[in-house]
Amino acid sequence: MNVFERYAPFIQDYIYRSGWQALRSVQNAAGEAVFGTEDNVLLTASTASGKTEAAFFPVLTLLDEEPSQSVGVLYIAPLKALINDQFGRLGELCREAQIPVTRWHGDVPQSQKRKLLRKPAGILQITPESLEAMLINKHMELPSLFGDLRFIIIDEIHSLLRGDRGLQTFCLIERLCRAAGCHPRRIGLSATIGNPEAAGRFLAAGSGRRTLIPRFDGGREVWRLSMEHFFNTAPQADEDKREVPETPIPEAPTDTAPKAADPGIGYIFEHTRGKKCLIFTNSREECEALCQSLRQYCEANHEPDRFLIHHGNLSASYRESAEEEMKDDDSLLSVCATATLELGIDIGRLERAFQIDAPFTVSGFLQRMGRTGRRGDPSEMWFVMREDHPEPRAMLPEMIPWRLIQGIALVQLYIEERFVEPPRTGRLPYSLLYHQTMSTLASCGEMTPAELASRVLPLSCFQRISREDYRILLRHLLEMDHISRTENGGLIVGLTGERIVNNYKFYAVFQENIEYSVRSGPEELGTIVKPPPVGDKIAIAGRVWVVEEVDHKKREVYCTLVKGNIPAYFGDVAGDIHTRILERMRGVLDEQGSYPYLMRHGVCRLQEARDTFRKAGLRDRPLVHLGGNMWALFPWLGSYAFLALERFLKIRCAKRLGLKGMNPSRPYYLQFTMKADEKEFYRITAQEAAQAFDPQELLYPREVPVFEKYDEYVPEELIRKGFALGVLDVEGARERVLGWSAFSCTE
């Protein structure tokens, strides 16, 4: 098929005006898939490869040839900023063909939305949350809005593969199609899909179509990559070393950081002047602190402020002004950002990205690096890994630079294996089940329990949830007055439920930051988000505290001062680091060679860590004796398998091992005291792992592990079941423990 000749004339004219010499391989492949089949299509290609045009050119051609009688294309994106960015590009493309393009999210004026409701047509761009609101508040208008819907395009689909928000999106798609009586094809777009076949099944769920994944030559990826390590105070790792392996030398500093500047932040300050850069952090708190420091450096050097900030807690005006300033190719400003600028927003020609410490996922690393390298230049990222010097008497686990090792592992996994995290399946999403039950009742009105179950339980993401579990949920909601029974025996939203459903925050299934006040006796220490369980430690007010009590109703945490050193974290739980990353981290410590992107300080710090790893015997055993009754266990497991192992040791093994005082640094290592010796540890843990046991046995008495937004409204027995069977990776932990059994037989 000659895809270009198949395009509508206005598409061909657009390509000529844009000065393109030829179609890219992804555009030819997408054209053949969309024009030549009736399947869903999953397009995976690198950032800035032209995926958006690859999807829209054939779709708009078909829409131009046979105009739809309603909205013809629904474009779902995870961020308002991404919709705003695509709105201008699509508007220019569709203007000549008179195909209307409408945005629909919280920042769009009502007048534009009313215009679409009066005359549904063309393309509608929307976020999952606004689509949820539309299904609830515009239910009677869904047939006229979407009765002739032909395509649903889901951008950055990888961001929806591992959490409730993605499951919600596909619930909404299924509900919309049923309500409107339409049968659209789905097109998924992403630069970072690790398991395309699994993602294709995820995309197709409930559609009645298979997913076609076009294969094509995406060209050779060229990166400019560096990774440097800094101690937060002198000396650096390579100082006073006589022999240092040859490593690439970075360009000369373009500016000088003030004296006494933090070495890592000073390095970023020196290498951003005169350039347009993105500086990624892993939390909003770190983003704010970084931007404040860099602006103070500008002030100390008597130069204009050249740093902007962008994260989800800022107002729309702040975010959009930063985006607009960065789109100016003459701008030499840099933006401190979180994941809000990780996805496909075009912010002009960026010269390089910086990443403070390691991101949690290979996907996040690839997305962030992909922000640069547009318009023909290679992608460029500079990692800046920071840590405090270990204390003179620090124990073994604190001697290893975990974030540096994690950063190397992320890069190597992709270079060597093209590994990217797969979709997360097998969960029991009871929080989402509550949400979709309430949403369905709010949109459709009164229905019998059987009718409600017939609308909710067949949704693809609830296939593991039994009818008995659903009965338990409905009885609980009746008791709490979230739903009520009418005189006719039907169900409607109850008075208590109305207060939840009628709040605009109901449309989102991701957790907003609810702050808890932290107290020690009468003294208030400050606030944190998502307090840890009783017995865990938190860092606040410059010290470490152990949690004694958590009052969820009053939003208060009571704690006691202890000694120690742990990282402070005030945002969402980092979670979800894949086991393959931890296994590759072990490989980084075990192998001998260096890496071409690792800079001078980093090479020396890695060598120190490898020496520590070797001398401790970690190459041969996961359990290390720290002296006395103190031990450290390095299981090399991802977040959810690590959590399962931690509970397995506490609940099933602690008594036999004489194990006490477990102090986890998730997901890297566990420290504890133990009366058993090494051989006994391996023998007893293997015996316990070999026995059949219910994963719910790994819950503490009376524990209700609230993880998701609406868990607080779900019966406790379902919360416990969902956590044990859908969150904890019990099989991953069990397999690792059984693999250690050989150590109990060796000298």
What list of ³J(HN,Hα) values in whole Hz, one per residue of the range 198-214 in order, does the Karplus curve 6.51 cos²θ - 1.76 cosθ + 1.60 (θ = phi - 60°) give from phi, with Gly and Pro shown as x?
5, 5, x, 5, 4, 4, 7, 3, x, 8, x, 10, 8, 10, 8, 10, x
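Using helices alone, I'd like the mean residue ellipticity at 222 nm for the chain: each DSSP H run of four-plus residues gives -39500 (n - 2.57), total over residue count, nearest 500.
Details: 26 runs with 286 residues, N = 747.
That comes out to -11500 deg cm²/dmol.
Between residue 137 and residue 551, what is the FRET efficiency for a Förster distance of 35 Å, r being their Cβ-Cβ separation, to the nearest 0.05?
Numbers: r = 35 Å, r/R0 = 1.01.
Efficiency, rounded to the nearest 0.05: 0.50.
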Give the accessible surface of the chain per residue, rounded to a whole number of Å², with probe radius 1.4 Å and ligands, DNA and RNA excluded.
43 Å²
Label-point separation (nm) for residue 499 and residue 725, each offset 7 Å from Cα along Cα-to-Cβ?
3.2 nm
Compute the projected area of the convex hull of the Cα atoms of the range 99-138, averaged over all viewing directions, and report it in nm² to one decimal place.
2.7 nm²
Using a Cα-Cα cut-off of under 19 Å, which lysines could be cross-linked to residue 115, ignoring same-chain neighbours fewer than 8 residues away?
138
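First measure r as the distance between the Cβ atoms of residue 16 and residue 38, then evaluate 1/(1 + (r/R0)^6) with R0 = 30 Å and state the FRET efficiency to the nearest 0.05.
Values: r = 30 Å, r/R0 = 1.00.
Calculated transfer efficiency: 0.50.
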When the Karplus curve 6.51 cos²θ - 1.76 cosθ + 1.60 is applied with θ = phi - 60°, which whole-Hz ³J(HN,Hα) does each residue of the range 62-73 get, with x for Gly and Pro?
5, 5, 5, 6, 9, x, 7, 8, 8, 4, x, 9
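Please say if the range 637-747 is rounded, prolate or oblate, where rounded means a/c under 1.5 for a ≥ b ≥ c the square roots of the C-alpha gyration tensor eigenvalues, and otherwise the choice is prolate for a/b larger than b/c and oblate otherwise? Walk me through the numbers on the way to the answer.
Numbers: a/c = 2.16, a/b = 1.98, b/c = 1.09.
It is prolate, given that a/c is not under 1.5 and a/b is the larger ratio.
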Shape of the range 44-125 from its Cα gyration tensor (a ≥ b ≥ c, root eigenvalues): rounded if a/c is under 1.5, otherwise prolate when a/b > b/c, or oblate?
oblate
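Could you tell me the ratio Rg/Rh of the range 412-462? Both radii from Cα atoms, Rh via Kirkwood.
Result for the range 412-462 is an Rg/Rh of 1.31.
Give the calculated FRET efficiency between residue 620 and residue 673 to the nearest 0.05, with a Förster radius of 30 Å applied to their Cβ-Cβ distance.
Values: r = 23 Å, r/R0 = 0.76.
The value I calculate is 0.85.
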Lys pairs in the range 553-684 with Cα under 25 Å (8 or more apart in sequence, or on separate chains) total 12
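Provide the packing ranking of 582-589, 555-562, i.e. peptides ordered by the mean count of other C-beta atoms within 10 Å per residue, highest first.
Details: 582-589: 20.8, 555-562: 15.6.
Those peptides, ordered most packed to least, come out 582-589, 555-562.
Could you calculate the contour length gain from residue 295 to residue 475, that is, 0.36 nm times the residue separation minus the distance between their Cα atoms, to one decimal place in nm?
On the way: separation 180, 0.36 × 180 = 64.80 nm, distance 5.56 nm.
The residue 295-residue 475 span can extend by a further 59.2 nm.
At a temperature of 25 °C and a viscosity of 0.890 mPa s, determine how fast the range 72-228 diffuses translationally according to Stokes-Einstein, using the Kirkwood radius over alpha-carbon pairs as Rh; express D in µm²/s, rounded to the nearest whole number. Could you put the intermediate results ahead of the total?
Working: Rh = 16.8 Å.
Rounded, D is 146 µm²/s.
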How far apart, in nm, are two points set 7 Å out from the Cα along the Cα-to-Cβ line at residue 330 and at residue 510?
3.5 nm
Between residue 41 and residues 5 or more places away or on another chain, the pairs with built amide H atoms under 5 Å apart involve 186, 187, 188, 212
The set of residues whose placed amide H lies less than 5 Å from the amide H of residue 309, leaving out same-chain residues fewer than 5 positions away, is 336
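Shape call for the range 375-488 from the C-alpha gyration tensor, a ≥ b ≥ c root eigenvalues: rounded (a/c under 1.5), prolate (a/b greater than b/c) or oblate?
prolate
Sort 292-304, 51-63 by the packing proxy (mean of other Cβ within 10 Å over each peptide's residues), most packed first.
On the way: 292-304: 14.8, 51-63: 24.1.
Packing proxy ranking, top to bottom: 51-63, 292-304.
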If you roll a 1.4 Å probe over the chain with all protein chains in place, what percent of the accessible area is carbon or sulfur?
48 percent
Just to be sure I understand, if you calculate Rg and Dmax of the Cα atoms in Å for this structure, which of (i) 30.6, 86; (ii) 24.8, 84; (iii) 27.2, 86 do you get?
(iii)
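The values are calculated or read from the model by the stated rules, or taken from the named source; none is laboratory data. For clarity, every value in this text was computed on a predicted model and none was experimentally measured. Counting neighbours? That spans all protein chains shown, and the Cβs are built from the backbone with ideal geometry, glycine included. Each accessible area value is taken on the protein alone, full model and side chains, heavy atoms only, with ligands, DNA and RNA left out. Shrake-Rupley method; radii C 1.70, N 1.55, O 1.52, S 1.80 Å.
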